[in-house]
Amino acid sequence: MDPVVLFFLLGVTAGILRSELRLPVQVYELLSILLLLAIGMKGGIELARQPFLELLGQMVAVVAMGFILPLLSFPVLLRFGRLPRADAASIAAHYGSVSVGTFAVVVAYLGSRDIDFEAYMPLFVVLLEIPAILVGIVLAKGLVGGERLRESAHEVLLGKSIVLLVGGLLIGWIAGADGLAKLAPLFFDPFQGLLALFLLEMGLVTASQIGTLRRYGFFLLAFGVLTPVFSAMIGLGLGWLLGLSVGGAVVLATLAASASYIAVPAAMRISVPEANPALSLAASLGVTFPFNVLVGIPLYHWLAGQLYALIGAA
């Protein structure tokens, strides 16, 4: 098992046992900033090496996936989960968006196994943050305008994660690999250590959501496990259609399978205040995040290998 995953398990265990272990808020904020900037800059470096027009088709396809995924989840939540419309829309938005933490884990997973993937994948992380939020608002409220919609748009487009990822992409794109070499000791070299501490905190947060899962029962547990696998299959299929490598398909599948716990909760709090955030966070952080970290990513890697081997044999 990857050592960074063991840090996550340590956090979960400490949380369940009600340990006094806590990361200071300032430390968690710093870790988030460093990880987001590092991911963005790595993508920007590779983006500078790629002709933009060649990526345009892939970008459009990924954005389309970002619109489709919440539309598939919403009727399941509404009909089988029997959740109120606002809660169903909010959870669907979480599962149509992405988890930067999960993306960092899959990058570390592939890197530890020397599996190459398209380095412009952070661009897809940025693209997938926005469509699901828009769909979630429309599903909950319908097509309405007004001050609340403007506030939500501001929250989405100028939220911390988007600003740092886009900013990192632009910095990496403008400065290039040579220009950023002097920053490597801060952002790139300690990436695994930063991720380990981040996952330690995520484990503590996950443990705090177990009570909500206990109250709301089996449906959220089943949804939080089955939905990522179904979405990952969509991501794998799209990755193959786009001509991505096996590693690239694994990353896209993981992005499709992940659920947001940063950008979407903030946007839903503004636009759909009647939705219960505990339900969304219990499913995304309490079930889907640990499932992806412990089981999902290796599963998606195996499925990608089987798919590409089958197609190659055909």
Inset, instruction - List the relative contact order of the chain as a percent without decimals, with contacts defined as Cα pairs under 8 Å and 6+ residues apart. - result: 32
Legend entry - Identified option (computed Cα extents along the principal axes in Å; candidates (i) 51, 47, 45; (ii) 92, 43, 30; (iii) 74, 51, 36): (i)
Legend entry - Label-to-label distance, nm, for residues given as Asp178 and Phe67 (7 Å Cα→Cβ offset): 4.2
Legend entry - Accessible surface ranking that places the most exposed of Ser245, Ser258 first, with a 1.4 angstrom probe: Ser245, Ser258
Inset, instruction - Tell me the label-point distance for the pair Ala222, Met59, using the 7 Å Cα-to-Cβ offset, in nm and rounded to one decimal. - result: 4.1
Legend entry - Largest-first ordering by accessible area, 1.4 Å probe, given options Ser112, Ser271: Ser112, Ser271
Legend entry - Computed [θ] at 222 nm, deg cm²/dmol, the chain (DSSP H ≥ 4; -39,500 (n - 2.57); rounded to nearest 500): -24500 deg cm²/dmol
Inset, instruction - Please work out the FRET efficiency for the pair Met233 and Val295, using the Cβ-Cβ distance as r and a Förster radius of 22 Å; give the result to the nearest 0.05. - result: 0.90
Legend entry - Förster radius 41 Å - calculated FRET efficiency between Leu242 and Ile16 (Cβ-Cβ, nearest 0.05): 0.50
Inset, instruction - Indicate the gyration tensor shape class of segment 180-314 (rounded, prolate or oblate), computed on the Cα atoms with a ≥ b ≥ c the square roots of the eigenvalues: a/c under 1.5 is rounded; otherwise a/b larger than b/c is prolate and the rest oblate. - result: oblate
Legend entry - chymotrypsin sites (Phe, Trp or Tyr not before Pro) lying in DSSP loop within segment 65-100, provided at most 15 other Cβ fall within 10 Å: Phe80
Inset, instruction - Please identify the helices of the chain, taking whole runs of DSSP H, that span at least 30 Å along their own axis as judged from the Cα atoms and have a mean Kyte-Doolittle score of -0.5 or higher. - result: 25-47, 52-79, 218-241
Legend entry - Max mean-square fluctuation residue, GNM over the chain, Cα-Cα springs under 10 Å, options Ile130, Ile171, Ile39: Ile171
Inset, instruction - Please name which of Ala278, Ala253, Val163 has its Cα lying farthest along the dipole of the chain towards the positive end, using unit charges on Cβ (Lys, Arg +1; Asp, Glu -1) and the Cα centre as origin. - result: Ala278
Inset, instruction - Please find, in a Gaussian network model of the chain (springs between Cα atoms separated by less than 10 Å), the residue of Ala119, Ala89, Ala232 whose mean-square fluctuation is greatest. - result: Ala119
Legend entry - Within the chain: Cβ-based charge dipole about Cα centre, in debye rounded to nearest 20 (Lys, Arg +1; Asp, Glu -1): 840
Legend entry - Ranked order, Arg150, Arg113 - accessible area, probe 1.4 Å, largest first: Arg150, Arg113
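The values are calculated or read from the model by the stated rules, or taken from the named source; none is laboratory data. Being a predicted model, the structure only gives us computed values, none of them experimental. In this analysis, Cβ positions are derived from the backbone assuming ideal geometry, glycine residues included, and neighbour counts consider all displayed protein chains. Protein only, heavy atoms only, side chains kept; ligands, DNA and RNA dropped before computing areas. Shrake-Rupley method; radii C 1.70, N 1.55, O 1.52, S 1.80 Å.
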